[in-house]
Every structure is written in C-alpha cells, then in structure tokens.
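The values are calculated or read from the model by the stated rules, or taken from the named source; none is laboratory data. The structure presented is a predicted model; accordingly, all values stated were derived computationally and were not measured. Here the Cβ is made from the backbone with ideal geometry for all residues, glycine too, and neighbour counts use every protein chain on show. Areas reflect the complete protein model, heavy atoms only, side chains present, ligands, DNA and RNA absent. Shrake-Rupley method; radii C 1.70, N 1.55, O 1.52, S 1.80 Å.
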Amino acid sequence: MNRIEVSDQLQLVREQLKLPYIKSAAENCSPESGDWDYATANTKTETHCFHTYPAMMIPQVARRLINMLGRCGMTLLDPFCGSGTTLVEARMARLNAWGVDINPLALLIARAKTTLLDITLLQRHALCLLDSFEQDCQRIRKDPEYAPIPTFFNLDYWFKPSVSRQLSALRQRILAIQDPAVCEFFRVPFSETVREASYTRNSEFKLFRMPEDKLAEYNPDVGTMFFSKVARNLRGMAQLAQQAKGSTWVKVLQEDTCHLTSVPSNSIDLVVTSPPYGDSRTTVAYGQFSRLSLQWLGLSWEEVRSIDSRLLGGRRVVTLADAEHTPTLRKILNRVAKEDEKRALDVANFYYDFVQCLNQLCRVCKLEAKACFVVGNRTVKRVPIPTDCILIEIAERCGFEYIDRFYRNIPNKRMPHKNSPSNVPGDLGKTITQEHIIVLKKVGEGPKDDVN
Ligand SMILES: C[S@@+](CC[C@H](N)C(=O)[O-])C[C@H]1O[C@@H](n2cnc3c(N)ncnc32)[C@H](O)[C@@H]1O
C-alpha cells in the first residue's frame with residue numbers, strides 16, 4: 001500500500017485514548033520468595049511496558065533486591081541503567097536513584113519511564129495528536145510532499161516512502177510539543193513505531209532487513225501502531241502514579257561509567273545493575289538496536305554510529321599483556337588467545353574498562369553499601385567466560401567483598417539463543433541460559449587508578 005488511509009482500527013484506538021485512566025495498581029502476583037526465575041510473571045506492569053530494549057532486567061529481580069537491601073529514602077545507582085527497569089522499581093520503593101548510560105535512546109526511555117506526568121494532560125495531548133495526524137494524512141494524500149521527510153543515511157533502504165511520510169507527519173507534531181517531559185513521553189512510542197514500521201526483522205536486536213520478497217507486502221499501519229502504544233503507555237503511567245508517591249528523585253545521566261564524574265563520592269547506599277556481558281560488537285549491539293529511532297529523533301549519523309564503540313570494550317586500548325588483572329581472567333585470555341588472538345584482545349579490553357567502572361563504583365559507594373550485579377557467563381571461541389568469578393576477583397581488588405549469590409534460569413530473555421562460535425554455518429555454540437546475581441559489599445577505599 002502506497003496510499004495513506006486512516007484505518008478503522010485507528011478509530012478504535014481513539015476510543016481507548018478517551019477512556020478514563022484511573023490510577024490503579026498493577027496486578028502483581030510475583031512471589032517475593034522461592035526461585036528467582038519468575039517464569040510466568042508479568043514483566044510489563046507500570047511503565048515497564050513502555051519500550052523494548054536489549055537484555056532488559058526483569059522488574060521482579062530488581063524489586064526483590066531493593067526490598068532485601070534497600071530502605072525508603074536511600075540512594076540507589078544503576079551504572080548501566082539501559083531502559084531504566086531498576087530506576088522504576090527504585091521510584092516505587094521510594095528510594096532516590098541515579099541512572100547512568102551512554103546510549104541516548106536508553107536515557108530517553110529511562111527518563112520517560114520514571115517521570116510522573118498528569119494522565120489527563122497526556123490524554124489531551126494524545127487526542128490532539130490523533131486529530132492532527134488524521135488531517136496530515138488527508139493532506140499527504142493530496143500532496144505527498146506535505147510533511148518533509150528527514151534525510152538520513154540509508155532511509156529508503158529501511159522505510160517504505162509512504163511509511164516515511166506518515167512518520168514525518170507524526171514526528172513534526174510530537175517535536176512541536178512545548179512541554180519537554182510531555183514531548184519525551186510521546187517520543188518513546190514514536191521510537192518503537194519507527195522500529196516496528198521499518199523493514200527490520202523485529203525479532204532481532206541487530207539491524208537485519210526482511211527478505212526481499214516480503215518488502216512489497218509489508219504495509220504497516222503507522223497511526224494504529226503509534227496510538228495503540230500511547231494507550232498502553234497511558235495505562236502504565238496510571239499504574240506508576242498509584243505506586244510512586246513521595247518526594248524521591250530519579251536523575252538519569254549520559255555518562256561513561258568508567259569516569260562517572262557527576263555522582264558524588266560516598267553518596268550511594270545501593271547499586272543494582274545488569275552490566276553488558278562483553279563488547280557490543282560481539283555480544284549485544286545496543287547502538288545498532290537504537291540507530292533508526294535515534295536518526296528519526298534527530299541525532300546525526302556520526303553520533304549514532306559511534307555509540308557501540310563508546311560502550312564497554314568498544315575500543316582496543318590495551319594489549320593482552322597490559323590487561324591481565326586476575327588469575328581467572330589471565331587463564332581465560334590465554335585459552336581464547338590460542339584460538340583467536342583478536343577475540344582475546346576484545347575480552348581483555350572489555351575487562352580493562354570494567355575495572356575502571358568498578359573503581360568508580362567503589363568511589364561513589366558509602367562504606368558497607370551493597371552492590372548487586374546480574375551477570376551471565378558467555379562463551380568466546382568455545383571458551384566459557386566465567387563472568388561471575390572474574391567480576392568477584394576484580395571487585396575484591398577494587399574495595400568490595402563478596403557476600404552472596406543467587407541463580408536465575410532465564411525463561412525468555414530476548415538474547416541470541418544460538419550463536420556460532422566459529423562463524424561456520426550450522427555450528428552452534430552454547431548460549432546464556434542462567435544468570436548469576438552477585439551481591440558485594442564495599443569494605444575499603446579501593447585503588448585510585450588501574451588495579452595493575
Ligand atoms: C544489559 S544493558 C542494561 C539493561 C537494563 N538493566 C534494562 O533493564 O533495560 C547494559 C547497558 O549498559 C550500557 N553501557 C555499556 N557500556 C557503558 C558505559 N561505559 N557507561 C555507561 N553505560 C554503558 C549499554 O548502553 C546498555 O544500555
């Protein structure tokens with residue numbers, strides 16, 4: 001379909017948008033004891049429903065750790081906050097929270113998920129946007145040039161022209177919203193719509209285009225996609241409003257956790273985080289996942305393209321000899337290097353950055369503060385990388401003490417389930433099916449510089 005029509009479904013969504021979004025607590029039946037799997041739990045309550053993101057933590061794990069180790073009024077830090085799962089839980093448990101990430105899309109989602117907004121105001125804006133969108137679609141039918149399409153690298157490769165025109169109309173209306181927090185609220189479902197309406201295979205986090213023969217028949221209904229997400233997010237915001245009372249704050253920062261300059265020393269009571277398991281190029285490509293959305297939201301190609309290389313392990317700054325920090329890591333690097341020296345260098349550089357982060361975490365934590373890391377053990381060139389052991393060894397050198405560990409079987413985490421360790425088609429390696437939840441305590445000042 002290259003025509004642009006306002007569908008019947010969109011009229012149904014209009015009715016949904018008019019419904020009273022009564023502040024109602026989400027039904028939450030997840031047990032606070034027993035295993036950590038939460039295999040059947042609803043992970044999309046409150047604003048957790050907002051936007052999918054690679055390797056999200058499940059809210060139940062963050063909630064349980066915060067309930068176990070946190071107290072109302074404490075200050076929490078998630079130094080790899082991604083889409084803000086931990087921050088939402090901190091907000092509901094009435095803790096103050098810092099969230100840090102490099103990826104601008106993660107920060108947008110995290111801010112929108114933790115900023116309480118008036119539902120009636122949002123509904124008014126949503127209905128206004130819907131009216132304008134319908135008018136715009138009529139105008140575009142008469143004059144396809146009506147809503148100017150932004151120019152960015154490979155736009156036509158990823159979007160059908162009729163889809164680009166509808167996205168342009170929506171984008172123009174959203175960016176014209178004066179109130180910055182309301183504008184952010186609508187940019188989040190817009191970002192999701194961009195991904196869903198593009199030619200990307202939505203089951204993948206990396207950018208892969210649909211097969212050629214599927215392109216012609218792919219005619220997404222942009223309006224219905226966007227406004228259904230708005231209706232869903234309004235429900236989520238109403239549930240959050242019910243839970244998150246009080247005067248606690250959430251601050252979301254764009255920073256590299258290796259430096260963490262904005263968080264004051266000795267200010268943090270609790271860290272709850274799920275760090276990346278390896279560099280973005282060979283594990284989860286956060287930057288690539290965010291690319292199309294961020295380009296539609298106005299970031300330059302250079303900025304967007306550089307995200308993955310700015311994340312942990314994104315640059316090769318140390319040699320294998322420089323980077324051997326702990327006994328386990330040294331053994332692992334030797335084993336990987338025998339198979340592939342470049343991959344060993346990737347692992348070494350990832351842990352080099354990780355050490356800088358742990359030093360920063362030690363600096364910002366109060367004495368006796370607890371730090372919880374949710375990690376998985378991946379394989380590189382068939383060599384299992386015991387991330388849990390390496391994390392504990394590095395942390396002990398940086399001023400933390402290991403105190404506890406829990407295991408979680410991953411029922412449905414959206415991760416690459418099968419990978420090819422050798423890049424030979426059909427040769428599939430092991431993937432991560434279990435997470436380790438490691439609990440540490442700050443016991444010392446830790447070294448000021450590198451632990452070497
Ligand atoms: C596993 S994800 C976190 C997911 C998050 N728990 C959630 O539920 O959405 C790891 C995050 O670490 C971020 N990251 C990687 N390197 C970083 C660095 N040096 N400084 C700050 N954030 C970084 C990535 O952008 C990514 O969002």
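All told, Thr86 falls short of being within 21 Å of the chain's Cα centre (by Cα) and modelled with pLDDT under 95. Just one residue in the set Thr85, Thr43, Thr47, Thr52 is over 29 Å from Gln11 (Cα atoms), within 16 Å of the ligand (Cβ to nearest atom) and of a type in the set (Ser, Thr, Tyr); that residue is Thr85.
Which of the residues belonging to the range 325-347 are open to solvent by 50 Å² or more (accessible area, probe 1.4 Å), under 21 Å from Ala395 (Cα atoms) and not basic (Lys, Arg)? Answer for the range 325-347, where residues must be open to solvent by 50 Å² or more (accessible area, probe 1.4 Å), under 21 Å from Ala395 (Cα atoms) and not basic (Lys, Arg): just Pro327. Taking the condition part of a loop (DSSP other than H, G, I, E, B), farther than 19 Å from Leu87 by Cβ, in contact with an Asp or Glu (Cβ under 9 Å, 6 or more places away or on another chain) and among the hydrophobic types (A, V, I, L, M, F, W, C), does Val284 pass? When the stated conditions are applied, Val284 does not pass them. Among residues of the range 134-157 that are more than 24 Å from Leu299 (Cβ to Cβ) and touching a residue at least 12 places away in the same chain (Cβ under 8 Å), those with a beta-carbon under 6 Å from a residue that is assigned to a helix (DSSP H, G or I) and open to solvent by 60 Å² or more (accessible area, probe 1.4 Å) at least six positions away or on a different chain give the pairs Tyr146/Arg139. Restricting attention to the range 252-262 and to residues that are of a type in the set (A, V, I, L, M, F, W, C) and either farther than 14 Å from Leu76 by Cβ or away from the ligand (no atom under 12 Å from the Cβ) (or both), the residue that is surrounded by the most Cβ atoms within 10 Å (Cβ to Cβ) turns out to be Leu260.
Against the conditions (1) of a type in the set (Val, Ile, Thr); (2) at pLDDT 95 or above; (3) touching a strand residue (DSSP E or B) at 6+ places or on another chain (Cβ under 8 Å); (4) closer than 23 Å to Ser83 by Cα, Thr248 satisfies every one except (2). Checked against the criterion of being assigned to a strand (DSSP E or B), at pLDDT below 95, open to solvent by 10 Å² or more (accessible area, probe 1.4 Å) and more than 16 Å from the ligand (Cβ to nearest atom), the range 292-308 has no qualifying residue. Within the range 279-304, residues that are under 15 Å from Trp158 (Cα atoms) have Cβ atoms under 7 Å from residues that are within 16 Å of the ligand (Cβ to nearest atom) and hydroxyl-bearing (Ser, Thr, Tyr) in these pairs: Ser293/Ser191, counting only partners at least 6 apart in sequence or on another chain.
Each residue in the range 264-280 was checked for being within 12 Å of the ligand (Cβ to nearest atom) and out of contact with any Leu (no Cβ under 6 Å at 6 or more places or on another chain), and 6 pass. As a summary of the residue check, Glu184 satisfies the conditions (1) charged (D, E, K, R); (2) over 22 Å from Ser7 (Cα atoms); (3) in contact with a Pro (Cβ under 9 Å, 6 or more places away or on another chain) except for the one numbered (3). The number of residues in the range 88-111 that are more than 13 Å from the ligand (Cβ to nearest atom) and among the hydrophobic types (A, V, I, L, M, F, W, C) comes to 3.
Considering each residue of the range 357-367 in turn, none proves to be in contact with a helix residue (DSSP H, G or I) (Cβ under 6 Å, 6 or more places away or on another chain) and more than 16 Å from the ligand (Cβ to nearest atom). The residues in the range 177-236 that are open to solvent by 20 Å² or more (accessible area, probe 1.4 Å), hydrophobic (A, V, I, L, M, F, W, C), at pLDDT 95 or above and closer than 22 Å to Trp158 by Cα can be counted, and the count is 1. Checking Phe133 against (1) closer than 17 Å to Pro220 by Cβ; (2) open to solvent by 70 Å² or more (accessible area, probe 1.4 Å): exactly one of these is not met. Which one? With respect to (1) closer than 17 Å to Pro220 by Cβ; (2) open to solvent by 70 Å² or more (accessible area, probe 1.4 Å), Phe133 is out only on (2). Taken as a whole, the range 138-148 holds no residue that is hydroxyl-bearing (Ser, Thr, Tyr) and either within 27 Å of the chain's Cα centre (by Cα) or modelled with pLDDT of 95 or more (or both). Count of the range 294-324 residues, restricted to those that are charged (D, E, K, R) and closer than 18 Å to Glu393 by Cα, is 2. Across the range 112-128, the qualifying residues are those that are under 25 Å from Leu65 (Cβ atoms) and surrounded by fewer than 22 Cβ atoms within 10 Å (Cβ to Cβ), and the one among them that is nearest to the ligand (Cβ to nearest atom) is Thr115.
Checking the structure you have, find out if any residue of the range 399-416 is surrounded by 18 or more Cβ atoms within 10 Å (Cβ to Cβ), modelled with pLDDT of 50 or more and touching a Phe, Trp or Tyr at 6+ places or on another chain (Cβ under 6 Å). Yes, because at least one residue in the range 399-416 is surrounded by 18 or more Cβ atoms within 10 Å (Cβ to Cβ), modelled with pLDDT of 50 or more and touching a Phe, Trp or Tyr at 6+ places or on another chain (Cβ under 6 Å). Is at least one residue of the range 26-45 modelled with pLDDT of 70 or more, in contact with a helix residue (DSSP H, G or I) (Cβ under 9 Å, 6 or more places away or on another chain), within 18 Å of Phe227 (Cβ to Cβ) and open to solvent by less than 50 Å² (accessible area, probe 1.4 Å)? Within the range 26-45, none of the residues are modelled with pLDDT of 70 or more, in contact with a helix residue (DSSP H, G or I) (Cβ under 9 Å, 6 or more places away or on another chain), within 18 Å of Phe227 (Cβ to Cβ) and open to solvent by less than 50 Å² (accessible area, probe 1.4 Å).
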